[in-house]
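Here's the structure we're looking at; comments come further down.
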Amino acid sequence: MSRADLPAAIEARGIRRIYAARPAPIVALDGIDLDVPAGEFFGLLGPNGAGKTTLIKILTTLLAPSEGWARVFGFDVVRQAKQVRRVMNIVSGGEQSGYGILTVREQLWMFSQFYGLPGRDGWRRVDELIDAVGLAEQRNQRVSTLSTGQRQKLNVARGLLNDPWILFLDEPTLGLDVSAARALRALVVDWQRAVPGRTILLTTHYMAEADELCDRIAIVDRGRVLAIGSPAELRRLVHRESIFRLEVDHLDGGPAVLTRLPGVVAATLAAQDGAEEAAAGAAGQRLAINLVLADDAALGGVVGALGELGSRIVALRKAEPTLEDVFVELVGRGFEEAAVEHPADEVAPAPAIPPSAHAPGEPEPEEVAR
Ligand code: ATP
């Protein structure tokens, strides 16, 4: 079966989830529609309380929606929960599953038995995964003595034991240092790319991580999807103007002379050499200018005008907006303000998942009934 023949990894329509709470019920999800094709690395970004964990709980069968429906690889998350659990797994940041007194190998073997792997296959798979996640040296070390990064590698190995088609990663690099986070990202990317159709749904508060990893991202807030698209599409959403950083050897009259040109929205001084010696724009002085244009086409007029004014362009580069800019514009506040480091919530790996020896490209035919 080719990748194009696979059912969507996630299909959700009109998902609402209302928690009974005092003094008033809380609408955690307010009509979520989502389509994630098989093989996609999909990101869910949103401030604290946006509803990400609630959505993941619904998609991983840990919580029922109040309204709407969702399917994971064609299986209904409510009516076919058992089949959904067979094809998915979840790894959360700061997860402390298992027993510290066991060794890495023993711990994974214990989980392999929860997932229903036969004894010998279980040991083989455990050893393969220990090598794959880079824990060979810690194979016989007690889990309680692992570093945070090593423990998270162990959690990923646990999450791959049942050979899932879709892996939910809920803030997987929470609390990891730069190199441990990088190693973990490389690990999950390698896993995903190894077999066409393997799918990842990632939630993270780290914008750069989402930008680097995700094919597409949904920005959610207050239980709704505010925007969805590739990182590049999202950036275009908020930045309709083109921003350039321009450096010239001098510019008589300073940046103000550029603002009179057609298509120039703004031209402001960024930084300059020898600022203390001369006023901005004096002859013989190198200038750095932030240039905002209505569109890229206006650049030609600016370059021409600078030539006529006798200014030489020393450097010119386009300043790309960041995902953080998108987030701020859509959500109304910055990610740093919105993000609070917190321990992983109670989402536990779904127990007793039988083994799934087949790749997403080869679903068991009778199970893919729609
Ligand atoms: P974070 O980034 O902080 O993990 P989140 O996007 O995962 O946030 P959720 O945990 O899904 O957000 O919470 C969405 C809303 O539902 C919040 O207002 C939260 O207070 C509320 N909520 C979540 N779980 C429950 C619960 N068990 N009972 C009542 N309200 C809840």
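When ranked by the protection proxy of mean other Cβ atoms within 10 Å per residue, highest first, what sequence do the peptides 287-298, 68-79 form? Intermediate results must be reported in sequence, preceding the final value.
On the way: 287-298: 17.7, 68-79: 20.2.
So the order, starting with the most tightly packed, is 68-79, 287-298.
Using a simple spin-label model with pseudo-atoms 7 Å out from Cα toward Cβ, ILE101 and VAL195 lie 3.5 nm apart.
Rounded, prolate or oblate for segment 29-74? Axes are the square roots of the Cα gyration tensor eigenvalues, ordered a ≥ b ≥ c, and the cut-off for rounded is a/c under 1.5.
Oblate, since a/c reaches 1.5 and b/c is not below a/b.
Annotation for segment 1-40 versus segment 89-143: alpha-carbon center distance of 30 Å.
Phi-derived couplings, Karplus 6.51 cos²θ - 1.76 cosθ + 1.60 at θ = phi - 60°, listed residue by residue for segment 100-114: x, 6, 7, 7, 3, 5, 5, 4, 5, 5, 4, 5, 4, 6, 4 Hz, with x used for Gly and Pro.
Take 319-328, 106-115 and order them by the average number of nearby Cβ atoms within 10 Å per residue, most first; the result is 106-115, 319-328.
Using the Cβ atoms and a cut-off under 12 Å, what net charge is assigned to the surroundings of VAL264, where Lys and Arg are +1 and Asp and Glu are -1? If you can, show how the numbers build up before the last one.
Numbers: positive: ARG260; negative: GLU241, ASP295.
Every neighbour counted, the sum reads -1.
Sorting the segments 146-156, 259-269 by their mean number of nearby beta carbons within 10 angstrom, highest to lowest, gives 146-156, 259-269.
Here, each number is a calculation from the coordinates, and none is a lab measurement. This is a predicted model, so every value here is computed, not measured. Every residue, glycine as well, gets a Cβ built from its backbone with ideal geometry; the counts of neighbours run over all protein chains shown.
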